[in-house]
Each structure stands twice: as structure tokens, then as C-alpha cells.
1. Quick one: count up the residues across the range 176-216 that are within 19 Å of Asn235 (Cα to Cα) and of a type in the set (A, V, I, L, M).
2. Exactly one condition in (1) surrounded by fewer than 22 Cβ atoms within 10 Å (Cβ to Cβ); (2) not assigned by TED's automatic domain parsing to the domain that holds Glu421 is not met by Ala269; state its number.
3. Out of Leu418, Leu435, Leu412, Leu397, report the one residue that is in contact with a strand residue (DSSP E or B) (Cβ under 9 Å, 6 or more places away or on another chain), aliphatic (A, V, I, L, M) and surrounded by 16 or more Cβ atoms within 10 Å (Cβ to Cβ).
4. Six or more apart or on different chains, Cβ under 7 Å: which pairs go from a residue in the range 215-231 that's not assigned by TED's automatic domain parsing to the domain that holds Leu487 and in a helix (DSSP H, G or I) to one that's modelled with pLDDT under 95 and of a type in the set (D, E, K, R)? Could you list them?
5. Of all residues in the range 89-126 being part of a loop (DSSP other than H, G, I, E, B) and surrounded by fewer than 22 Cβ atoms within 10 Å (Cβ to Cβ), which is nearest to the chain's Cα centre (by Cα)?
6. Looking at the range 171-207, which of the residues that are closer than 22 Å to Ala134 by Cα and polar (S, T, N, Q) is surrounded by the fewest Cβ atoms within 10 Å (Cβ to Cβ)?
7. Which one of the conditions (1) surrounded by fewer than 24 Cβ atoms within 10 Å (Cβ to Cβ); (2) in contact with a His (Cβ under 9 Å, 6 or more places away or on another chain) does Phe465 fail to meet, given that it meets all the rest?
8. Could you identify the single residue in Ala325, Ala319, Ala330, Ala349 that is crowded, with 23+ Cβ neighbours inside 10 Å, out of contact with any helix residue (DSSP H, G or I) (no Cβ under 8 Å at 6 or more places or on another chain) and of a type in the set (A, V, I, L, M, F, W, C)?
Amino acid sequence: MTPDRPVRGRAEGGARPDRPVRGRAEGGARPVRGRADVGARPERERPGRRPGRPPVDHARRAAYDAVAATHRDDAYANLVLPGLLTERGLHGRDAAFATELTYGTLRTRGTLDAVIAAAAGRDVDRIDPPARDALRLGVYQLLYTRVPAHAAVSATVDLVHAVAPGAVGFANAVLRRTAEQDLDAWVAEVAPSADDDPLGHLSVAYSHPRWIVRAFSDALGGDLTEMTRLLIEDNERPPVHLAVRPGRADAVELAEEVGGAPGAFSPYAVYLAGGAPGDLAAVADGRAHVQDEGSQLVAVALADAPLTGTDTRWLDLCAGPGGKAGLLGALAAARGAEVTAVEVAEHRARLVSNAVRGLPVTVLTTDGRSVGADPDLPAGGFDRVLVDAPCTGLGALRRRPESRWRRQPSDLPPLTRLQRELLGAALRAVRPGGLVAYVTCSPHTVETHVTVTEAARRSDVPVDFVDARTLLPAGMPGLGDGPTVQLWPHRHGTDAMFLAVLRRGGSG
């Protein structure tokens with residue numbers, strides 16, 4: 001049984017327009033899809049444009065520029081789009097429309113490309129990038145929103161005229177061909193058969209690379225019904241969660257202050273109903289920070305796990321950008337403990353320093369694998385150690401939808417090698433009887449069970465697994481058989497965080 005869904009917030013800027021009507025989660029059948037009212041009143045180009053040039057809708061142009069930047073510059077939309085909205089003076093419905101177009105287009109790119117290729121009679125790689133990105137925005141409007149077809153076609157052709165004038169006729173033909181049938185019909189045409197190739201069908205229908213669909217399927221035991229639920233949820237805009245800083249604020253009181261709701265699981269979580277979290281006084285004055293509830297749960301699990309002996313020295317071995325270090329620091333302050341936060345990248349170390357200001361946290365800019373060689377990271381010198389390891393980030397694709405198209409299976413070997421090395425360093429750093437929490441924001445079994453099992457097997461010190469289920473709130477559903485825990489968007493409303501807790505053998 002899944003918990004009640006959290007109150008959703010605006011994670012991607014702008015007032016949220018109505019959502020697309022989503023499909024059914026049950027079974028592998030093709031979902032019923034609808035269209036959302038996301039059409040904004042077009043804001044036309046200011047006077048002074050060249051004679052004969054079609055008017056430009058500023059919201060669509062901002063979305064186009066954000067989408068193009070993710071492909072051209074490997075930019076992240078959540079970093080690029082806010083600046084574009086400010087620069088173009090977009091707010092209210094226009095900002096919401098630009099946001100919906102940007103993130104919706106990035107999430108559904110796989111499906112869009114399959115439809116465009118079929119409608120154009122050529123692979124999308126053979127389409128000039130400016131025209132291709134404009135077409136993606138146009139086809140998204142036609143298939144996933146309630147923008148009238150004539151408006152979507154006309155506005156997109158105007159956009160193509162501005163960015164790729166030689167492709168206007170081609171784009172018009174592709175858009176008109178696309179508008180001839182709805183999304184369900186297109187999926188039936190371009191996706192593999194659900195009976196013959198269920199993972200291939202899900203990949204096209206729900207716009208995830210096939211290798212990621214397979215990885216999710218492996219982690220879920222091949223359950224296609226649950227796979228469908230996960231993929232649907234993975235294409236939703238993510239909720240906005242705040243983490244209250246213990247000792248500085250109370251979750252219930254803060255929820256009332258910001259018009260949100262206390263979290264379902266973490267005692268420090270607040271769900272926002274909307275608005276920009278960066279504008280909240282509680283975030284500005286350090287009483288809370290933006291952090292997914294799953295990330296809170298794994299950090300609190302380490303902090304609250306029973307421990308015999310000393311409990312004053314905590315270590316965050318991969319601390320950037322600082323969310324977990326901030327929460328651990330606040331918990332440590334209430335218990336008379338101190339945290340050492342390690343981050344190898346200087347710019348991320350600066351983010352950690354900003355996140356832990358005023359807390360008993362020392363930030364070190366060094367490689368976490370240097371335990372024993374660095375005097376600030378003595379072997380056996382810590383009571384609790386967190387390894388929030390670099391990973392593929394497949395558990396947070398809702399937040400960075402462009403990542404699903406950038407990550408490749410070839411990324412796994414160097415990442416898993418680094419993960420094992422960092423976990424090995426953590427086991428050296430913790431004292432006998434101390435605890436290590438290994439965390440990834442990925443459900444890929446190679447980054448979770450395989451990595452932690454291999455690191456424990458190769459460890460020079462004896463280790464035992466602690467049942468992580470006992471460290472999470474009682475009654476929390478869908479935690480599996482233990483001793484490790486995998487959280488899921490569709491089960492828990494969180495990012496897909498993995499948690500393993502190990503105790504070093506010996507007495508403290």
C-alpha cells in the first residue's frame with residue numbers, strides 16, 4: 001500500500017499550471033493520456049522587430065533557449081531557466097508556461113523524438129539542432145497539453161522561422177502530420193509491442209532510455225505493473241520538501257508559517273504547497289533548507305542508529321553540496337558532537353561551507369579516500385560516517401530530466417570503482433563498534449547491492465550489516481526484506497535513495 005501523496009510544490013519555478021492528465025498505473029497497457037491547460041497568453045515581441053519577421057512568443061522562446069542550452073552546452077535547465085525568465089521579464093502564467101514547456105519537453109524527449117522521426121521520415125539526428133529543438137517543443141504542446149493544435153503549430157512555425165528559417169516548410173509539415181493523431185495513437189505506432197517487448201514499449205511510452213528501464217526493472221524484480229507506476233511518477237514534476245534545522249525550528253510550526261504540511265515520514269520534513277522556496281524567510285535565515293525527504297531520512301537514520309561508546313565525532317565523507325552535512329550538523333549541535341565534512345571539489349566545498357554556517361562542522365577540501373594519510377582524517381577516528389557516494393543520479397531524474405539522456409551504461413564502471421573506494425575509506429575511518437551509512441541516489445543494483453557487498457567483502461576490517469529498516473519510521477511501507485533499504489518516488493514520494501548501514505567489528 002502506498003502512502004498518501006505529499007502536497008506538491010513548485011520545484012521548477014513559476015506558478016504551476018494544471019497538470020497533464022496522467023495515464024493508469026495498473027498493468028502494462030497503454031495509458032490513457034490527456035492534455036493540460038498550459039496555454040499562456042502569448043506575449044509578442046516588442047516594437048522594433050524587423051519588418052516581415054513573424055512575432056515571437058517570449059515564453060516559448062525562453063523555453064527553446066533553455067532546451068537548446070541543455071543540448072548545446074550540457075547545461076542544466078534548473079540553472080539556466082530562472083535566469084532566462086528574469087532576463088525576459090516573464091512571470092505569472094507566462095513563466096509557468098515556459099517552465100512547463102521546458103521541463104515537459106526534456107522529460108518526454110524520447111517519446112517526442114520517436115514521433116518526430118516517424119512524422120518526418122528521418123531520424124532526429126539528421127535534423128538541424130535548432131529546428132529539432134523547436135519541433136520538440138511544438139510536438140510536446142500537441143501531444144501533452146491542451147494548447148489548441150492550430151496555436152501550437154502556428155507558434156512553433158514562428159519559432160522555427162526565428163531560429164532555423166530554412167526549415168520552416170519542413171517543420172510545418174512535421175507538425176501538421178503529428179497533429180493528425182493523439183499521443184496514444186502515436187505510441188501505438190512508434191513503440192514496440194507491449195506483448196513482444198514490454199521494456200521497449202515502456203521505454204518509448206514513458207520516455208526513459210531502455211537501459212534505465214531495464215535497471216529499474218531489475219531493482220523492482222521485473223514487476224511491470226510497478227514499473228509503470230514508477231515511470232509515470234518519474235515524469236511528474238517533483239515535490240518541494242524543506243528540511244527543518246533541529247534546534248532552530250519545528251516542522252509543524254514551520255508548515256503553518258509557510259502554508260505547507262508536515263512530512264509523512266521525516267520528523268524534519270515540510271511539504272510546500274507552492275511558491276519559490278528560496279523566497280522563504282525560514283530558508284534565508286537558516287532555519288530550514290530545501291532537501292528531499294528521502295535524503296533527510298537516510299541522514300537521520302545514521303544519526304539516530306544505536307551506538308555504544310563515544311559519539312562525538314561524525315564524518316560526512318562526500319559532503320557537497322551540503323544538504324546532509326547541514327542536517328547532520330544541526331543534529332550534532334544538539335548532542336554535543338562535531339562533524340567533519342569532506343568535499344574534493346573546491347566550488348562544492350564552498351557550497352558546503354555556506355550550508356553549515358553557524359553549525360559545529362569543519363569543512364575539508366580533500367579527497368575522502370585519503371583516510372589514514374591525511375592527519376585530519378585519522379583511521380578509526382570517527383564514531384559515525386556517512387558516504388553519500390557520487391552516482392548516476394537515476395533516483396532523481398524527476399529533478400534533472402536532462403540527466404536521463406546524458407547518462408550511459410559506460411558511466412557505471414568508473415563510478416562503482418569510486419564508490420567501493422570511498423566505502424572502503426569510510427570503513428577505515430570509523431572506530432571499532434562505529435557505524436557507516438552508504439547512500440546513493442540511484443536504485444541501480446550495481447551501484448547499490450553489488451557495490452556495498454563487494455566493499456564489505458574486500459574490507460580489511462570486520463563489518464556487519466545493520467537492518468536499515470529498523471532505522472526508518474515505524475510503519476513506513478514498501479521497505480523490502482532488508483537489511484538494506486531502497487526508497488522510491490511511487491512508493492514513498494521521495495527520490496529513489498538507497499541506504500545500507502554497516503557496523504565495524506570490535507568494541508568501541
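The values are calculated or read from the model by the stated rules, or taken from the named source; none is laboratory data. A quick note: this is a predicted structure, and the numbers were derived from the prediction, not measured. Cβ coordinates were reconstructed from backbone atoms using ideal geometry, including for glycine residues, and neighbour counts include every protein chain displayed.
1. 10
2. (1)
3. Unique residue meeting the criteria: Leu435.
4. Matching pairs, first to second residue: Thr225/Glu26.
5. Selected residue: His91.
6. Top of the filtered list is Gln181.
7. Result: Phe465 fails condition (2) only.
8. Ala330
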